[in-house]
Amino acid sequence: MSTLFISLVTIVGIIMLIGLYFLPTIIAGFRKKTNFTSILLLNFFLGWSLIGWVVAIVWAASVDNKPQQIVINNNGRNDNGV
């Protein structure tokens, strides 16, 4: 085999492994997660451990909580209770 071919395969393999390592961050980016930075930092610092990577990918795949509108009915009274 040619050393050029081996070098090319090695480079492609390294790029694929980096992509797999940062898969939770990539998923969070595509899903436009509100806590993207937190997922990125968790993935970067703790992704090397299987537990950190699994937590990051579950967090990236989870649904963001949508804000709820709260309606306060004061029965026609003003702020002073009158």
Item checked: Out of Val63, Val55, sole residue that is touching a Leu at 6+ places or on another chain (Cβ under 7 Å) and on the phi < 0 side of the Ramachandran plot -> Val55
Check: Between a first residue in region 55-70 that is within 9 Å of Asn43 (Cβ to Cβ) and a second residue that is surrounded by 10 or more Cβ atoms within 10 Å (Cβ to Cβ) and among the polar types (S, T, N, Q), which pairs have beta carbons less than 7 Å apart while being 6 or more apart in sequence or on different chains?
Finding: Ala56/Asn43
Notebook entry, point to check: Which helices (runs of 4 or more DSSP H) sit wholly inside region 20-68 and have at least 3 residues that are surrounded by fewer than 10 Cβ atoms within 10 Å (Cβ to Cβ)?
Noted result: none
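Quick note: the coordinates plus some simple rules give every number you see, no bench work behind them. In this text, all values refer to a predicted model and were calculated from it rather than measured experimentally. Note that each Cβ is placed from the backbone with ideal geometry, even for glycine, and that neighbours are counted across all protein chains shown.
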